[in-house]
């Protein structure tokens, strides 16, 4: 199965628009956590999707699980601070997010982690991005989704009612406040899905 953008989507080139952080809808969670959501946030999403699929040096990883090594069920690549991003719209997205959230976050978004979910078998298990400053301090992770819709599930650490956000082509979800240490998030497996990519903008020392 391959991803097909909607036939009714407006054609947007990289020079036509920049991402704007207005229209964000915030949902307050427990324990000082929150999420912001904006639908269709990233202009030129089709072009960004095609570029990422073709030029990002995707790699497969393996991870220790109990007594054996297993394949990580997605492809990954991380652009560190100072690395050139593969599409100018991602540069514009990072700058727009940095300017909008700077008064609340206190710093700029600097890195861009990329994940490639090839089909419904690729996934992310429950976790929080709490290696580094996310373990002890409030921070933010901004996720831009490209390709087939997939569900981002969130649940409180220690148990409680979960919520979910279906992330569609070009959508933005920002997890903020205490979200990385008081909540967990996951992208569950599904029976059928086409390719989907996510770009996760983070400040320094958040993993």
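None of the figures in this text is laboratory data; all of them are computed from the coordinates on show. In this text, all values refer to a predicted model and were calculated from it rather than measured experimentally. Heads up, the Cβs are rebuilt from the backbone with ideal geometry, glycines too, and the neighbour counts pull from every protein chain shown.
Could I have the simple spin-label model distance between residue 58 and residue 20, label points 7 Å from Cα toward Cβ, reported in nm to one decimal?
Taking the two extended label points, one gets 3.3 nm.
Counting each DSSP H run of 4 or more residues in the chain as -39500 (n - 2.57), what helix-only mean residue ellipticity at 222 nm follows after dividing by all residues, to the nearest 500 deg cm²/dmol?
Roughly -5000 deg cm²/dmol at 222 nm, from the helical runs in the chain.
Please report 46, 71, 119, 171 as a ranked list, fewest other C-beta atoms within 10 angstrom at the top and most at the bottom.
71, 119, 46, 171
Compute the label zone of residue 107 within segment 134-152: residues whose backbone N is under 20 Å from the point 7 Å along Cα-to-Cβ.
Taking a point 7 Å out along Cα→Cβ of residue 107, the residues of segment 134-152 whose backbone N falls under 20 Å are 134-144.
Would you mind giving the three semi-axes, in whole Å and largest first, of the ellipsoid equivalent to segment 97-207 according to its Cα gyration tensor?
In descending order, the three semi-axes are 23, 17, 11 Å.
Between segment 128-169 and segment 81-110, what is the separation of their alpha carbon centroids in Å?
Centre-to-centre distance over Cα atoms comes out at 18 Å.
With no solvent and one equal point scatterer placed on each C-alpha of the chain, evaluate the Debye formula and give log10 I(q)/I(0) for q = 0.18 Å⁻¹, two decimals.
For the requested q values the scattering log ratios are -1.44.
Extending each Cα 7 Å along its Cβ direction at residue 161 and residue 30, get the distance between those two points in nm, one decimal.
According to this spin-label approximation, the distance is 1.0 nm.
Using a 10 Å cut-off around each Cβ, can you sort 21, 179 from fewest to most neighbouring Cβ atoms?
Fewest-to-most ranking of 21, 179: 21, 179.
Exposure proxy check: 178, 30, 136 ranked by fewest other beta carbons within 10 Å?
Starting with the residue having the fewest Cβ neighbours, the order is 136, 30, 178.
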